[in-house]
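Beneath this line is the structure, given in structure tokens, with notes to follow.
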Amino acid sequence: MRPLQKVEMDVFETMLARRSVRGYKAQDVDQVTTHILLEAAVRAPTAMHQEPWAFVIIQDRTLLSNLSDRAKPLFLADIKTQQDSAEHANHTMDVFSKPDFNIFYDAGTLILICGKTDAASFSADCWLAAENLMLAACAMGLGSCVIGCAIPVFNISEVKAMLGIPNEFSVVAPIILGFAEDETVMPNPRKPPVILTSLAAT
């Protein structure tokens, strides 16, 4: 396994710098870089050392556009059944109803983190791997974003077969990658931690 590329940021600086990027340059992410990011992903914690993850790398913009078109009506149908605030739901439906809206924000790389469903904690393990991948991407100067609205389309049998995903795997985390179009956008602020209880010995 090749060593990870050296980065200038330490871990905490990377956590503070990471943001969800929804605008990308046309520049593509090379395959060497994507494999380095996968090496970071598989260093994540995993329950009982099961390592239930597997990955699909998509760098075909035409395919990504087609998958976006398939995903949008599924997500819109789901939105209509949710008890979400009317304002938020209406805004989401307006955006997703636009024919030219690409749910992958025209990024050139999509990594699907899949989990083997017979592992007890496959979903949690895959999300831990996703965080490793996104932090590594940030440290290497790349933008990333989780596209949760795409999960339903990737778990349709026909789509899984097209992408070579075996039946025993489920797509957990679709993550787009690329070079941020606007590198000056700062991460959104976060609320202070909500501590429900803090127990200490007396």
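In terms of its C-alpha gyration tensor, segment 6-77 has a prolate overall shape, because the principal axis ratio a/c (a ≥ b ≥ c, square roots of the eigenvalues) is not below 1.5 and a/b outweighs b/c.
Both radii are taken from the alpha-carbon atoms of segment 130-198; with Rh as the Kirkwood radius, Rg/Rh is 1.11.
Close Lys pairs in segment 56-166, defined as Cα atoms under 23 Å apart and 8 or more places apart or on different chains, number 5. Length gained on full extension, V95 to L76, computed as 0.36 nm times the residue gap minus the Cα-Cα distance: 5.8 nm.
Carbon-plus-sulfur accessible fraction, the chain (probe radius 1.4 Å, protein heavy atoms only): 55%. In units of the rule-of-thumb radius 2.2 N^0.38 Å, segment 49-140 shows an alpha carbon radius of gyration of 1.31.
Per the Kirkwood formula on distinct C-alpha pairs, the Rh of segment 72-202 is how many angstrom?
The Cα-based Kirkwood calculation yields 17.5 Å.
Shown are V194, V171, V146, whose ranking by accessible area with a 1.4 Å probe and every protein chain present, most to least, is V194, V146, V171.
The values are calculated or read from the model by the stated rules, or taken from the named source; none is laboratory data. Just so it is clear, the structure is predicted and the values come from calculations on it, not from any experiment. The area values use the complete protein model at the heavy-atom level, side chains included, leaving out ligands, DNA and RNA. Shrake-Rupley method; radii C 1.70, N 1.55, O 1.52, S 1.80 Å.
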